[in-house]
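To start, the structure itself, in C-alpha cells.
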Amino acid sequence: MQSSAPVGGFLTPLKTKAEVRASNETIDVYIVEIPAKSASALLNLLKDAIPNQHTVDLQHLRRFAKQDFLPSHLRSIFEAQKSAEETSTSSTLLGEQSRERFSPPAPSANPRDPTLILLITPTSLIQESSLLDVLSKNTPFATSLFPLKLMAIPVPALAPTSALQAEVWSRTYWPTVYKSSNPFGPHPSVVSRAQAQIQPHAARYLGIARRVGAEAKDKGYGEPFGCVIVQRLEAGTERIVAVAGDARYVDQNGEAAQSASRNGTGNVMAHVVLRAIGIVARKRLRLAESTEPHDHAQNINYPFLDIPLLSSENPPFVDLENLTPNGYLCVDLEIYVSHEPCVMCSMAILHSRFSRCIFGTRMPRTGAMTADGEGGGLGYGLFWRPSELNWKMLCWAWREENANEESEGHGDGGNRVNV
C-alpha cells in the first residue's frame, strides 16, 4: 500500500499549451555591430527601408545590446571579429613602418568608438542582399572605417512567461525582457496567490486520495487511483466534500469482478474522477430536495457507481454540512487526484467547472492535463485552452523530493493506464 501522504514535496504550476509553444518557437533575425553614436540614425534609416517591421512583435527582445550582455556564443564571435580586425590593422601598420627597422605601431590616437549590437528585423521581412545594399550606402558603413558584418541568429518568437524563462533565453538566444505578464496563460500573480492557499494542505488531500486508491486496489475494485473534492470557503477554511476510489472492475452486483471475467479496461464510467463528480451531483440533489441518503445496498447505480463503495467514501457522502447549498455543478470546488487524469476524465473535470485541479503522479502516456509532452506525453494541456474550450482552470502537479519512477507514471497502474 502506498504511503498516506507525499513527503517533502511541492506544487508545480502546469504550463499551458500556448506557453509550451511560446517556449519552443523561434524566428531568425538579422543583427549587426554598430557605433553607439549611430544608433538613432540607423533606426530611422531602417524604419524607412523596412516599413512592415511592426507586423512582427519583438518587444520582448532588447533592440540594442552591449557585447558584454550577449550570450557567450555570440560574444565569442564578436570578440573573434574584433581580434581579426586588430591583427589586420597591426599588419598594415607594420608594413608601413618596415623602413623604420620594424618598430611596433604607435598607440592609436583615436581608439575605436563604443559599439552596440543592433537587432535589425526578422529575416522574413527583407532579403539579405537588399538589407546589405541599404546599410552599405549609409553611415557608418559607407566608408571602410567601420566594417559591415551582418549575421542571422534565432531568437524566441514570443514573449517569456516568467522571469526565469527570460533569464534562460538571455543566456541562450538574445537579451530578453520579462514584463510581469503572461499572454499565454493565467497571470503569475493569480497563480501565486492560489498556490499559497492550497500549498498547506495539498499533501494531506493527495495522501487521502492515495489511501482510498490503495483501498480500492486491495479490494479488487480498480486501479490504485483516488480522488478528493474540496470546497474552499470565503473565511479561509476548507472542507472535504467527496472522496472516491477507482471502481472500474466492480460488476453489476457491486462485487469485484474476477480477473478472468474482467472486460478489457473495465467500466470506464467508474473511473475515479467520474465517480467523485457523480457523488457531488448526488449530494447537490439531496440538498435541493432536503432528503436523507438512500440505502444504496440495493441500488449501486451501475455503470456510474456514484455511491459510496468503500468505507472511506461514506462519511463525506453522508455529511450534508460540508457542501454549500444552491451550488452549480462543481464551480468553486477543487479536485485532488492521486494520478494525472486521462482525456475523458480531464474533460469531465473541465465541463464540471472545477476551479482548480491538483494531481500527484504524472501519467505521460495517458494524462491530458500536462501540455509539455515530456516523456512522450500527449501534450494536450486541457486545463487552459480558452480559445477552443468553454472553461479554464488552474492546475498543479505535485513533485516529490527524491521521487522514484512511480512519481512519473511508472509505478502502480503503469503509465499506459487511463486514470
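The values are calculated or read from the model by the stated rules, or taken from the named source; none is laboratory data. All values reported here derive from a predicted model rather than from experimental measurement. Neighbour counts are summed over all protein chains in view; Cβ atoms, including those assigned to glycine, are modelled from backbone coordinates with ideal geometry.
Tabulated data
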{"read-out": "Condition broken by residue 149, with the remaining ones in (1) assigned to a helix (DSSP H, G or I); (2) among the charged types (D, E, K, R); (3) more than 29 Å from residue 282 (Cα to Cα) satisfied", "value": "(1)"}
{"read-out": "Failed criterion for residue 227 (all others in (1) surrounded by 21 or more Cβ atoms within 10 Å (Cβ to Cβ); (2) outside any strand (DSSP E or B) hold)", "value": "(2)"}
{"read-out": "Cross-chain or 6+ apart pairs with Cβ under 6 Å, the stretch 374-403 first and among the basic types (Lys, Arg), then buried (at least 20 other Cβ atoms within 10 Å of the Cβ)", "value": "385/17; 392/384"}
{"read-out": "Residues being farther than 24 Å from residue 269 by Cβ and in contact with a Cys (Cβ under 9 Å, 6 or more places away or on another chain) - total across the stretch 371-390", "value": "2"}
{"read-out": "Matching residues, the stretch 120-149, being under 18 Å from residue 61 (Cα atoms), more than 28 Å from the chain's Cα centre (by Cα) and of a type outside the set (Gly, Ala, Ser)", "value": "120, 121, 123, 125"}
{"read-out": "Test: residue in the stretch 339-357 that is hydrophobic (A, V, I, L, M, F, W, C) and under 17 Å from the mean Cα position of the chain (by Cα)", "value": "yes"}
{"read-out": "When residues of the stretch 300-351 are limited to those that are among the polar types (S, T, N, Q) and crowded, with 23+ Cβ neighbours inside 10 Å, the one farthest from residue 269 (Cα to Cα)", "value": "338"}
{"read-out": "Scan of the stretch 192-214 for residues that are exposed (fewer than 14 other Cβ atoms within 10 Å of the Cβ), within 20 Å of residue 162 (Cβ to Cβ) and not basic (Lys, Arg), ordered by number", "value": "192, 196, 199"}
{"read-out": "Tally of residues being surrounded by 15 or more Cβ atoms within 10 Å (Cβ to Cβ) and free of Cβ contacts under 8 Å to residues at least 24 places away in the same chain across the stretch 134-165", "value": "1"}
{"read-out": "Residues (modelled with pLDDT under 80 and surrounded by 15 or more Cβ atoms within 10 Å (Cβ to Cβ)) located in the stretch 274-299", "value": "293, 296"}
{"read-out": "Qualifying position, being modelled with pLDDT of 90 or more, at negative phi and among the aromatic types (Phe, Trp, Tyr), among 304, 317", "value": "304"}
{"read-out": "Pair list, Cβ under 9 Å, 6 or more apart: the stretch 187-198 residue farther than 18 Å from residue 238 by Cβ, other residue part of a helix (DSSP H, G or I)", "value": "188/163"}
{"read-out": "Filter pass, residue 334 being in contact with a helix residue (DSSP H, G or I) (Cβ under 8 Å, 6 or more places away or on another chain), acidic (Asp, Glu), closer than 23 Å to residue 214 by Cβ and modelled with pLDDT of 95 or more", "value": "yes"}
{"read-out": "Residue list for the stretch 302-342, restricted to those being touching a residue at least 60 places away in the same chain (Cβ under 8 Å) and hydrophobic (A, V, I, L, M, F, W, C)", "value": "309, 310, 317, 323, 330, 333, 335, 337, 342"}
